[in-house]
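Below is one structure; the comments refer to it alone.
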Amino acid sequence: MRRYGSLQSEALSVVARRLVSLLPDSPVVMDVGCGAGSMSVPLVSALREHGGGVLVLVDATPELLDAACTAARAEADGAVSIKPVLADLAAEDPLSFAGPVELIWGSRVIHHLPDQLRGVKRLVEALAPGGWLALAEGGLETRFLPWDLGVGEPGLQDRMAAARADWFVSMRENMTGSVRLPVGWNVALADAGLGEISAFSFVVDHPAPAKHLVREWAVDRLTWLAEITGPYLHPSDRDALRRLLNPSDSEYVGAREDVFLLETDTVHLGRRR
């Protein structure tokens with residue numbers, strides 16, 4: 001997560017400044033599902049430039065919350081107060097501690113909740129009147145491998161993308177209390193009671209030949225994809241993945257000079273009336 005956050009940091013800094021510019025003086029901002037702090041640090045930096053404020057960090061994993069707090073406090077320099085909260089958004093009242101908040105940021109969090117619309121509504125309830133909800137959900141499929149790897153059949157990443165979609169459907173169907181969200185995020189935000197709804201996308205671009213950090217991330221990403229998509233892939237694709245993930249193999253993805261990272265994420269934004 002730290003590697004991924006480092007690769008996103010420049011783009012996320014632009015997003016954080018854009019969002020914080022919408023806020024009044026000394027705002028309270030919440031990073032829900034903060035993870036290791038990939039957006040926490042850009043938010044702290046943007047709040048410092050804005051004159052200060054409070055950043056509430058929320059995560060259900062103590063180790064991740066500690067990592068995010070450590071990184072955020074190092075950036076705060078006394079101008080921003082950091083408040084960590086160990087809470088699960090799927091619990092009954094994980095946000096009752098916070099009081100009104102001027103901005104809530106959540107990245108790839110809501111789609112893990114059984115009832116996604118209910119989760120959005122509960123975030124809206126934590127907003128102050130006029131406060132903003134920003135959800136980074138969806139975008140374009142992340143690309144990091146060439147179409148023809150010289151291992152197995154061409155188009156492996158496209159087949160993994162289709163398999164990941166099948167896995168995601170299965171994951172949602174097997175989730176206790178799962179409720180479908182059969183609309184786009186703009187409609188979901190409107191259904192949750194928000195107005196002034198809009199969206200924008202940001203790009204993370206590290207072209208080949210990429211620095212070593214990108215290759216390390218590619219190994220992490222491909223390892224995860226192999227784990228979740230393996231049952232949905234043809235045996236020949238699973239064989240190709242084993243070669244790509246074997247450090248002793250000549251085709252090891254961590255040593256390839258044609259690995260890259262190209263990602264487009266979409267932020268859906270709405271304001272509490």
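The values are calculated or read from the model by the stated rules, or taken from the named source; none is laboratory data. Not measured: the values here are computed from a predicted model. Cβ: placed from backbone, ideal geometry, glycine included. Neighbour counts: every protein chain shown. Side chains are part of the model used for accessible areas, which takes the heavy atoms of the whole protein and leaves out ligands, DNA and RNA. Shrake-Rupley method; radii C 1.70, N 1.55, O 1.52, S 1.80 Å.
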- prompt: Considering the dipole of the chain built from charges on the beta carbon (Lys and Arg +1, Asp and Glu -1) around the Cα centre, which of Ala74, Ser21, Trp105 is farthest to its positive end?
  reply: Ser21
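Stretched out fully, how many nm does the piece from Tyr252 to Lys121 gain, at 0.36 nm a residue minus the Cα gap? Before the final figure, lay out each step's value.
Numbers: separation 131, 0.36 × 131 = 47.16 nm, distance 4.49 nm.
So the extension gain works out to 42.7 nm.
Over 22 Å apart: what share of the alpha carbon pairs of region 1-272 falls there, rounded to a whole percent?
Values: 22033 of 36856 pairs.
Within region 1-272, distances greater than 22 Å cover 60 percent of Cα pairs.
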- request: Using Cα centres only, tell me the gap between region 252-266 and region 41-57 in whole Å.
  value: 30 Å
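Normalised by the residues of the chain, what does the relative contact order come to in percent, with Cα pairs under 8 Å and at least six apart?
Values: 510 pairs, mean separation 54.4, N = 273.
Reported relative contact order: 20 percent.
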field: Solvent-accessible surface (1.4 angstrom probe) belonging to His112, in square angstrom, nearest 10
entry: 100 Å²
task: For region 1-272, give the magnitude of the charge dipole about the Cα centre (Cβ charges: +1 Lys/Arg, -1 Asp/Glu; no others), in debye to the nearest 20.
output: 260 debye
query: With axes computed from alpha carbons, what is the tilt in degrees of helix 156-173 against the longest principal axis of the chain, rounded to the nearest 10 within 0 to 90?
result: 50 degrees
statement: Expected sort for 172-181, 9-18, 49-58 on mean C-beta neighbours within 10 Å, highest first, is 49-58, 9-18, 172-181
query: Using a basic spin-label model with each label point 7 Å from the Cα along Cα→Cβ, how many nm lie between Thr142 and Asp220?
result: 0.8 nm
Where a label projected 7 Å from the Cα of Asp66 along Cα→Cβ would reach, residues of region 1-25 with amide N under 19 Å: 1-3
- prompt: Along the Cα-to-C-beta direction of Ser81, a point sits 7 Å from the Cα; which residues of region 23-48 have their amide N less than 17 Å from that point?
  reply: 24-31, 44, 47-48
- line: Note on region 1-272, DSSP bridge orientation, antiparallel percent to nearest 5 equals 45 percent
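Within a Cβ distance under 9 Å of Ser107, other residues only, what is the Lys/Arg minus Asp/Glu net charge? Could you put the intermediate results ahead of the total?
Working: positive: Arg108; negative: Asp31, Glu137, Asp265.
Net of charged neighbours comes to -2.
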- prompt: 222 nm [θ] for the chain, helices only, -39500 (n - 2.57) per DSSP H run of 4+, per residue, to 500?
  reply: -12500 deg cm²/dmol
